[in-house]
Every structure is written in structure tokens, then in C-alpha cells.
4 protein chains.
Amino acid sequence: MYVGILGATGAVGQKFIRLLQNHPWFKIAALGASHRSAGKKYKDAANWIEDVALPDYIAEMTVANCDPAEFGNVDFVFSGLDSSVAGEIEGAFAKAGIPVISNAKNYRMDPTVPLLVPEVNPDHIELIKTQTFTEDGSGWIVTNPNCVAVPLSLALKPIYDAFGIEAMVVTTMQAISGAGYPGVPSMDILGNVVPFISGEEPKIAPETQKLLGKLDRGTLKTPGYPVQATCTRVPTLNGHMAAVTVKLANKPSSIKEVKEVVLTFENPIAHLELPFAPKEVIKLHEEERFPQPRLHADHENGMQLHMGRLREAEVFDLSFVCMAHNTIRGAAGGAILNAELLVKKGYME
Amino acid sequence: MYVGILGATGAVGQKFIRLLQNHPWFKIAALGASHRSAGKKYKDAANWIEDVALPDYIAEMTVANCDPAEFGNVDFVFSGLDSSVAGEIEGAFAKAGIPVISNAKNYRMDPTVPLLVPEVNPDHIELIKTQTFTEDGSGWIVTNPNCVAVPLSLALKPIYDAFGIEAMVVTTMQAISGAGYPGVPSMDILGNVVPFISGEEPKIAPETQKLLGKLDRGTLKTPGYPVQATCTRVPTLNGHMAAVTVKLANKPSSIKEVKEVVLTFENPIAHLELPFAPKEVIKLHEEERFPQPRLHADHENGMQLHMGRLREAEVFDLSFVCMAHNTIRGAAGGAILNAELLVKKGYME
Amino acid sequence: MYVGILGATGAVGQKFIRLLQNHPWFKIAALGASHRSAGKKYKDAANWIEDVALPDYIAEMTVANCDPAEFGNVDFVFSGLDSSVAGEIEGAFAKAGIPVISNAKNYRMDPTVPLLVPEVNPDHIELIKTQTFTEDGSGWIVTNPNCVAVPLSLALKPIYDAFGIEAMVVTTMQAISGAGYPGVPSMDILGNVVPFISGEEPKIAPETQKLLGKLDRGTLKTPGYPVQATCTRVPTLNGHMAAVTVKLANKPSSIKEVKEVVLTFENPIAHLELPFAPKEVIKLHEEERFPQPRLHADHENGMQLHMGRLREAEVFDLSFVCMAHNTIRGAAGGAILNAELLVKKGYME
Amino acid sequence: MYVGILGATGAVGQKFIRLLQNHPWFKIAALGASHRSAGKKYKDAANWIEDVALPDYIAEMTVANCDPAEFGNVDFVFSGLDSSVAGEIEGAFAKAGIPVISNAKNYRMDPTVPLLVPEVNPDHIELIKTQTFTEDGSGWIVTNPNCVAVPLSLALKPIYDAFGIEAMVVTTMQAISGAGYPGVPSMDILGNVVPFISGEEPKIAPETQKLLGKLDRGTLKTPGYPVQATCTRVPTLNGHMAAVTVKLANKPSSIKEVKEVVLTFENPIAHLELPFAPKEVIKLHEEERFPQPRLHADHENGMQLHMGRLREAEVFDLSFVCMAHNTIRGAAGGAILNAELLVKKGYME
């Protein structure tokens, strides 16, 4: 299938290009960016920051405007657009009958738009049918969550299903790549911690709740547990870490029972053998010093969720840390897995 | 007064030397270390890691064994000993009639030993009278808390006194200097987070509770709030940061009331004008991106407690971050302030 | 004396403010910045990045435009202006009769403008008399060199005077603070080396040659040794390091002779007792692992030049490393020392 | 073929395990380490520091002593031993008829031992025939160079062959992984540069000269150009960078001619299609900000040599920077490529 990338010159757009270059199903056929870049060769428009070489055929492609009229040859688009422009542009593509697999936040909380993590809530893709961008249903939008909501939802899913969640306190230690490029000035973060990330904390409750919600005759029933979050920036490159304490609705008999629940998590998309799906969705580390962003973020091509330090808590019931690659699992890679699921389920052909 | 330093070649010992070199009251008269170092000139025994020059007169001093017999000329000693040897050596000094101002953990939870932060519990020094190291009371031990318990107790003190504390969830982001030298291998921490620090989490509840305890006719009544802690190591040099969420016994009417309580904290030692006492004990930052270890850990000579992000919490009642210099306020500097208080109160002459 | 600061909100401007706040001779009376900042309180116009608190009286000062008409009350100005605007603005101040002590590059190579490092070429201030900004000589410009030329000139001075220099190969490892704020993106430098700094290498030969030049009846005779420089950026905060190999005109009899020359360097301004002058201008380290930016850049208030690894070279004659604090000795602090010398020499009253 | 790894628990040994786990020709059949580790399962003996998971079959292997008697089932061994023991152990294996592909320094300068970089001096393997460890020639030693000599020799090879080299000045910026584990304390290197690496500088001249030497009727004729080296440690993870200035024997007509020579370098092993051989041996970057350790060290599985900033020099003739992955190209990966060449050439069957 032929795909386009919106926001192709940005950090997320570059990650899409990197991850898609040898994809067995998808071939990049169009690159969209701002007016400033449109008309240039990609290699001249983008400041390539990935640690692999820019593929030659991408380097020579001409960047288009983010206008559906210039994307006639694609089956769907990935969007790595900034939220300041994503709302309008993604809507225009959907209206033009081009499905949008978006990493932007704009449509995430729209009740007709699936906020999707395939291992967590694959059935939510049915919501697509409630979208009204086009009369014939050919244009629609699917989103992936914020880069912190991704690891949290993957870690919480088996626990939520087994015990229910009544409250969560979370502190994150987030990597610099989460802020894009140029992003965080080195003077701010070298040997430092910044105890605030603008706009990050308010996303955690609604996004994880929507992800854990149950579709009931076309309507999403979402849990309402309160979340207290502190999001910090630390000098790591990739991999957002979260330290989590949760109150459970039904008390497990022991920590062993909780570990069993995590270790026997039934991955609902395992049988689909999607190219970007990790074999082991949740890696539960027993060594107390693990997981670590530098050592584990790239495992299973950056698509694995890492949990560790799972233990009974003195306050509430359960504590653990979880970590995933923020720009792969938490952004571009997650979007690609979403697209793979949608293809396999017949939403795109 | 003449002071000795036990564990003088280690990271904490070096910090004592650095901080004491121009002290108005205390003059270093003896340096103690292990057998391996004893007999050598300090400059040959120690691998000086401080970012100021090693003072010449210290460089030429001969290192002694940590034996009271070799410390005849001192009025008291500071101990930066490792906990593997601190118990025995500090006890020996106390029995020899030499007061010990210790940074080690060994005697912290001894009910007769003050665990002291002068701005938090100065009255606890009375416990000294219950010690039995010597018949005439000339030898005794006072300790300062773990480098995380120090900022936590300073931040919690006004809140605890005003509202009471029923539970606390805390995640720390701790600097590499907390592990001494050589300490954390660079391969473990460069661009990384390690979500575990051996032995750290279990200290937080008992130490902060002892600090907030009330002396009632010679007996310490300590609160029993549960604490859920996750202690992590991050690539910062100095300054332990903690993200805290607390449940209060008595609900404040508003976050403004909590801020008032913090801002009007009455420093019980303000009138003593101790040389190492910070003028403003608690700096409450209003900018959400503050405090930061690199920017603020050195303020007021590293003796200030920094709070920020004070806000109502979705879970429980109150969230904030706090940060202090871990090897100054949280170790050597805190011990020096303890000694100053004890001198001023007449315990040492 | 009352001083103004041009470019007061930038990184160098902030360093001027920090360093001048307790200066015994100079008091900040005016702060100039771009139109965007003019009219605002300083605390609202600047994103304070120093690791000490912004002084209250500065915080409340209103920022002016960089227009001599708005600086009527100052005796002279320090300029931390960006080179894109420094040429015009500094010229305007000089023409208005206000001496300019500049950190910008624009006038450095002007044959009538002293490029000044007080310990290296204090006699060059005579060049001021050849300037023609004003008829009565009341307005003029003095510059300090690039932050790499400063440590190089200080290290080369005794060697050049004793042996002459015929060629130099230098590789620098420069700190992120040299690029200002926001400056280097963290994605570019965390755990990385960038082997190029735009515009840096071509400054080294002409600036060090001008600094080592001799005034001969009003004309500067400058040496013409070739310089091959590679300037790199490394993830350090402060302190530019340089690895240097030089060919000497007259061969020393031994490395011991070279060390003697360095250790007995006669500081031409020692007797003036200027407030910002380091007591020991050149610290020659004998330990091979020294100097190090993190350990030594702040010594003597950041004004000391550190040399180390002084040794005979296999190629040419002599190798060494040198390091100095790039934003203090190499920028704002160096400019302040220049101003102090000019005051002492009667150029400003 | 079945291979053993000597020093299997160390940093280089771990890299061997990681790199060999899917090797098409070699299968790990024995792991040797010190007495302390021997008899334990590998997972219990080693502190795995690689950022991929420890392969299960390795985890469960029992560690042997580094004794040929315990390695009966291997065709040859890779040695990642520390130099303190490598001399004796490697010699013992060679005498026992087990070829040793070593990363240790002990035999590098032995005139009968090839110091081998396959793209530089593949013909040097003939020296094996002059070794006398065994009568039948079944046991011998081949070494790969120091992790700095590897990138230098690869960069210098085409230049040396075309123009000759008369002198070299080099400054290195070396990654922390070069010191093994625990290696460099984080307190020494976080935000710092250390301008000295013990034992590193003296290796550069003899090793690069031996690599560039010509075999003439069984004897190696090596060039004698002087080298002035300054080796520094910087806070990067992988990838040693070197800034080089060289004097050439025959002057190129222009920098374009030099670039041609580099770009048309004829890789003498290209036709052998060895599994670990990079397709493009030398990547010559045109962008001045490249190469960078973080962006380029992993290209071509860490086996590529990166050059950049190739330019005419003001001093001597030519300057450039070069960089390669120090623990892959510069250690374990280089050794594996050596083994592949030796297999292909019939030295091991």
C-alpha cells in the first residue's frame, strides 16, 4: 500500500520514515510538510536527526504541501503534525476520503475517534463507523495516545481487567526526544531534572481511561479513577519511565497473583502476526535495577512495554515502574501498528 | 574549637573538609581514615574530587587511624564513615568522651540518639541526656538523616504541623554524588535512569517520622503514616529531587492556605544566627519549571530547601516537589549545622 | 561608577549581571535589550538561567532600548550584544561619548581597537588614543577575545615570550554554554560530540596573534604563525578545553625550562590588585588527569587559566592542554577585568 | 564452527556474545572467565550490560576456567581478556593448538603476530606461519589493534598509500565504554572532560605504523612517522572520535585529489563478502557537523569508519576527523571480522 506522511520533516515524521523504510506492507509515496519545505527535496528540507542514514529514495523525494490534492496517490496517511495545525489538516484529509493514522492530540478525545493501542483496545476501531467525515465512510481518523499514556495503558490493562483501578499516583521521568527537535535546550537539561512538562499531566487521566474503556453497543464506557501525575524531564535520550502506585477495586490475594495476571496477559492481536507487533508485549523484569531506558527501550524494535519493581505498596495496593520507547512505541511505531491492525481488519485495502 | 573528621578521605569526608575550611568556629585538627590511609599525608591518601582546590594545610596533614587515642586534641568529631564500620568506631569515640556528629545511618533509629534537622526538631537534642556511652555524659552521638529524609522532613514540617499527615507517596530522582566515589559507574547512568537504589526506600518512613515526632516527657511520640517510595538514580550531579503526594488529616480550605503555611514557616533556630543556617529555610518556587537541581542546589551555600509545584492533588490532597543539595544540606552541611546548634545550646564547649 | 549592560537579557548579559551584583566599583544603572524586551521589567523580559537567584533590584529594573539616549546616566557600558547588531549599536554608543567594553567580535580586529587580556597585553590600551569615534576621545571601544582565544593567549604568552611560536595545532572541546541560550539542542549534544562550531576556527589565529603582538610606536606588530584548529562541542556545561601542540622558534633545553617559564610568568597587572584579577593567573597542573572543566573552571571565581599535561612533543616541540571558564574568563568576567584595568589606568573616571 | 570466548563476563566478552548470537558461521560453545566465575551459570556470573536481552542459551551455559583443557570442543577462541592475564592464557591456548583471535594488547607488537584490520593489511596474516607456539602450526595468535588505532589506520590507509605520511598530530575524544565496566566513575565524567587516558597515547604510533607496514619477504617494513597524541575521555557512550592533522610526503595537487583517494579506496576484502564486513568501509561525510558518535557509530552494524571535515591544513597538509564504534569496530566486531578473514583464507577449518 502507498502511504503519505504529514509533518514529514519533524522529529515524529523522521521516525515514520525510518521505521517504514523496509516495511513489508507500506511504501512511502508522499511527504507533506509546511509551505516553507514544500517544493524542496526532502534532504534539503529536513535536518535529519536519526542515527541511521537517510534512505536515498526519500532524500530525493520532493516535499508536498499538506493538502489532500497533492496526495492523490496514497491509500492513507500517517500524521506526525504539530497540534497547532493537525486539527484542520487531518480533518481535510479525512473529508477527502483519505484515512488518517494520527499521532497528534487533536482528535484523541473525540468520542467518534478511536484512541488506539492494539494490544489494549483493538475493538475500539468500530468507532470509525460513527465518523461522518465522508458520506461513504472512506475518510476517517484513528489516533494513538500520548507517549506516556501508551506505556501506562499497556501496564495497567491486565491489572485493570483483573482487579479494577480506583486511583493512581504517577511520576514520570521523560526523555528529551519527547520534545522533538530542537526541543529541549541542552542548557536546561544537561545534568538536570525539570519537574514540569507543559500540557503533559492533564492528558494522562482521560487518555488512559479512554483506552481502558469498554465499548457497549457503540458507546464507550470509561472508568473514572482519579490520577495524580507529576511529569518531569530527565537527561535520557529515549524511553519514558513512570513510577506508579495504584489503588485496586478488588484486592489481589498476593503480589504473586498480580504477577501471574501480568505474565499471562492475553494479547488480543497475537494471532494476527502484525509486522510491528512485539512478540512479548509486556516484559516483566525481576531485577530491581531494571528496566532502564538506555538498556531496554530498543528491545523488540522499540515496541515492547517494560515493567519492573512490581510490589505491594504501603499506600494503596500496588507499585511498579513501567517504561517504553517514547518515539517508537509511544508515537510513530504505535501509529504504524495501528495501521497494520486496520489493514488486517479490512478497514483499508 | 578543634574538630576531627572520621572517614576523611571519602566523598562525605572531603565535603566536610571543603565546608569547614573557613568555618568561623571550627578548625580541623585531625583526620581519620582506614588503616590503608593512616600514616600518609592527606594529599597522598585521598583522591580529591571536590571542585575547589584542596587546602594546603589539609594536604600536608597526616591521616590518623579512626581511634580515639589518636584524636586527643579534638573537642568533637564529624563522622562521614561508611555504615559498615561506623557503628563500632562512633561508639568507641562516644565511650571515650568525644561527641560524635554523625552522617552515618547506624545510630539514627536508636531511641536515645537525636536524629536532627535543626529547623525541624531542635528540641530533640535533649535525648542526648538519655545516652549512656559515658558516666559523666561527656561522650554522645547525634545523627543527621538520610539525604532524602532531609528535604522531605523540611518540606513536610510546616504541612504536618498545620494539617497532619496520613499517607505519603513519593518518587525520588537522586543525584550520582549520593553514591559516593567511585560510586555509580558511568556506563550505568549516562543518559539513563536506574529505578532502584539499594537500601534507600526503607529509610524514608522511619526517618521522616522520627524527625516529625514530638518529645513528651523524654519520650518521642512519632507519627505512623504509611509511605510508598520509589527511589531512582538520574544523571544529575548534586541535588535530590522528590515528587510527593500526601494525604492530610485536616483538610486545608484551599491551596492558598497551604502556601501561607509554608511561606510563614517559623524557623525555630532563626534567632541563633548559626553560621551554616540558611536565611530562607524553605524557598517556595512559583514557576512550574522550578526547582531544578542544577540551578538551585547551591543556593544559600547548598543549605536551602526548595519546594515547587505545590498544588491540590486529584488523589489525596496535596502534591509538590522538593529538592535539596544531597551532600551539603543532606549530609556534611547538615551535620555542621547540627554541631553549631549543639555548641550554641551548650552541649559542647 | 554607573554601568550599563547592552544585550542584558542574553546569556552573556545575564553573566554580567550575576558577576557585577557585588562589584566594589561598578553598579548596574541601565539594562539594554531589543525592542521586544524594552519597557518590560527585567524579570519579565529575561529567562534567567544562572544558578544563583536573580537579584531583586535587577528583577524590578525596566529594560531600555540599546540607544545611547536612554543610557544618559552611565559612565560606560558592557556589551554582550549578538554580533548581528553589535557593530552598529556599539559604534553609536562610542560616538555618543560612552565607552564600550565589548564581548562581541565586531571590532576585535579593528587596528585601532584594543583586543585585550590584561595579563597578556595591557599596554595595548594605548590604541584607544587612535580611535576617532568622538573628537574629544570620550567615546571608544575595547574588546575581549573569543572564548577560545582567551585561554590560548594566556597559556601561550609566557611560551611565546621565551621561545617564540612558529606553528600551532589545536583541538578544542567546548562547553555548551558557549552557544548561549537556547543554544545547542539537547538532542544534538547529550552523549555526543559535534566536530564543528560555526565561525569558531577562523578566529583563533588572528585573535591570538593580535593579543601576542607588540606595540611599536603606535603600531601593532603581530606574529604570523600558522594555526590549524579543530573546534568541537562536547556535553560539558562550562570550561573550554584545548589540546595544543606548538612549534617553537628557539628550542628550550628541556621541558623543565618550559615549566619554569610558565611557573615564573610575571603578571603585568599583579600590582594593580584589580578586583576580578586571579591571584594565580596560570595554574599549572602536574596530575595528568587535570585540568578538568567540571573541577577547575570555577577556581578563582572562574578567572584562572588552567594548564596541564605540559610535555615534550614527538611532533614539533611542546604539547599541553589548557582550559578556562568560557563565559567568565572567556567573556563577561574578562570584560569586567578589562574595565577594571581601564579605570585604574585612568581611561574612565 | 564452534568458538570459545575468553574473558566472557567482561565488557568485551559480552560484546562478543551479543555480536555472535546470530552469526552465520560461528556458534559459541564455551565461555571462559576467572576462577571466581567458573562453575556458575553465565547469567549468575555476569552483570549483563548490553542493551539487548541476554540470549537464553548463553544465560544457562556454565562458565569454564580459561584453561585449554576445558575448551576441547572449540575450533578457535576469541579473547576479550584483560591484559594482566591475556599474555599467559592466550599463549597457553596457542600452545594447545587452539587459534586465538585476540583483542588484548599483549601480543600486538610481537613481530610474528599479525596486528590485523582486514581492510588495511589482510596480507599480514602470512606472519602466522612464523609463529612457533606449536610444531604443526595448529596454534597461533592474531590480534586486532587498540580502539583508537583502528579508526586511525582505516582513515590513514588510502592517504598513506597515495601520499605517504611524515608526521601526525592527533587529539582523541573517547567514549566511556572504552574503559569497560565498571570503568569510569560517573562522578569523573558526567558533564566533564578528562584530558588523559592511562596507557593510550603510546599505543598509537607503533600500532598504526605496524598496520600500515608492508610485508617484504616475510619481514614487516613499517613507517616511522612521529605521532603526537592527546587522548581524552568525554561523556559519550560509544564511538571514539579523533581530530587529525598530518604531514604528507608527497603533496596532493588539491583537497579534491585527497577526497578522490579516500572515496575510491579499494577495499581488498570486498570480494570475500565476509558477514561482518561493512559494505562501505569509509563513509566520508561532507556536512561539517558530521560525523557524530551518537548518530553514526552504529551504522553498518558498528563496522563503518566515518571521516569528516577533510580539509587542507594551515599547518602541515591535511586535517580531518574520524570516528568508529570503539567496542564493535574497535574491539569485538573487528576481532570477528579477523576470524572471518582467516576462515575464508583457509587458516581455520
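Details
- Only one entry in C:Ala92, C:Ala46, C:Ala69, C:Ala29 is in contact with a Phe, Trp or Tyr (Cβ under 9 Å, 6 or more places away or on another chain) and either loosely packed, with under 15 Cβ neighbours inside 10 Å or at negative phi (or both), namely C:Ala29.
- Being in contact with a Pro (Cβ under 9 Å, 6 or more places away or on another chain) and touching a residue at least 24 places away in the same chain (Cβ under 8 Å) is a description that applies to B:Val117.
- Screening B:Gln14 on (1) buried (at least 22 other Cβ atoms within 10 Å of the Cβ); (2) over 20 Å from B:Asp298 (Cβ atoms) shows it passes everything except condition (2).
- Figure legend. Inter-residue proximity from the range D:1-21: first residues touching a residue at least 12 places away in the same chain (Cβ under 8 Å), second residues hydroxyl-bearing (Ser, Thr, Tyr), beta-carbon distance below 6 Å, spacing 6+ or different chains. Indicated pairs: D:Leu6/D:Ser79; D:Thr9/D:Ser37; D:Ala11/D:Tyr181; D:Lys15/D:Thr327.
- None of D:Lys41, D:Lys27 is at pLDDT 95 or above, among the basic types (Lys, Arg) and under 23 Å from the mean Cα position of the chain (by Cα) except D:Lys27.
- Flag for B:Lys129 being over 17 Å from B:Gly333 (Cβ atoms), surrounded by 20 or more Cβ atoms within 10 Å (Cβ to Cβ) and of a type in the set (Lys, Arg): no
- Residue check for C:Glu273: away from chain D (no Cβ under 14 Å), crowded, with 17+ Cβ neighbours inside 10 Å and charged (D, E, K, R): no
- Test result for B:Pro185, touching a Gly at 6+ places or on another chain (Cβ under 7 Å) and over 30 Å from B:Glu257 (Cα atoms): yes
- Scanning the range C:171-189 turns up one or more residues that are over 30 Å from A:Gly180 (Cβ atoms), in contact (Cβ under 8 Å) with a residue 60 or more places away in the chain and assigned by TED's automatic domain parsing to the domain that holds C:His296.
- Options A:Ala249, A:Ala243: the member that is among the small types (Gly, Ala, Ser) and within 14 Å of chain B (Cβ to nearest Cβ): A:Ala243
- Against the criterion of being crowded, with 21+ Cβ neighbours inside 10 Å and farther than 30 Å from C:Thr132 by Cβ, C:Tyr57 does not qualify.
- All strands (runs of 3 or more DSSP E) inside the range C:226-311 with 2 or more residues being touching a Lys or Arg at 6+ places or on another chain (Cβ under 9 Å), more than 19 Å from C:Ala162 (Cα to Cα) and hydroxyl-bearing (Ser, Thr, Tyr): none
- Within this structure, D:Lys221 fails the test of being basic (Lys, Arg), under 20 Å from D:Arg309 (Cα atoms) and more than 12 Å from every other protein chain (Cβ to nearest Cβ).
- Residue selected from the range C:111-137 under the condition of a type in the set (S, T, N, Q) and in a loop (DSSP other than H, G, I, E, B), by the criterion nearest to C:Gly97 (Cα to Cα): C:Thr134
- Close pairs (6 angstrom Cβ cut-off, 6 or more residues apart or separate chains): on the phi > 0 side of the Ramachandran plot in the range A:302-314, modelled with pLDDT of 95 or more and part of a strand (DSSP E or B) anywhere: A:Arg309/A:Phe320; A:Arg309/A:Val321
- Test: residue in the range B:254-275 that is of a type in the set (S, T, N, Q) and touching a helix residue (DSSP H, G or I) at 6+ places or on another chain (Cβ under 9 Å): yes
- Here B:Val258 qualifies as away from chain A (no Cβ under 14 Å) and over 21 Å from A:Val194 (Cβ atoms).
- Wholly within the range A:139-212, helices (runs of 4 or more DSSP H) carrying at least 1 residues that are within 14 Å of chain C (Cβ to nearest Cβ): A:186-189
- Scope the range A:280-301; condition more than 10 Å from chain B (Cβ to nearest Cβ), free of Cβ contacts under 8 Å to residues at least 40 places away in the same chain and of a type in the set (D, E, K, R); matching residues: A:Glu280, A:Lys283, A:Glu286, A:Glu300
- Scanning the range B:312-333 for residues that are in a strand (DSSP E or B) and either facing chain A (nearest Cβ under 10 Å) or surrounded by fewer than 24 Cβ atoms within 10 Å (Cβ to Cβ) (or both) yields a total of 7.
- Qualifying residue in the range D:88-104 (condition: among the aliphatic types (A, V, I, L, M) and out of contact with any Ser or Thr (no Cβ under 9 Å at 6 or more places or on another chain)): yes
- For the range D:211-236, a residue qualifies if it is touching a Ser or Thr at 6+ places or on another chain (Cβ under 6 Å) and surrounded by fewer than 24 Cβ atoms within 10 Å (Cβ to Cβ), and exactly one does: D:Gly213.
- Residue within the range A:244-253 that is assigned by TED's automatic domain parsing to the domain that holds A:Val184 and on the phi > 0 side of the Ramachandran plot present: no
The values are calculated or read from the model by the stated rules, or taken from the named source; none is laboratory data. If you're wondering where the values come from, they're calculated on a predicted model, not measured in any experiment. Positions of Cβ are backbone-derived with ideal geometry, glycine not excepted, and every protein chain shown enters the neighbour counts.
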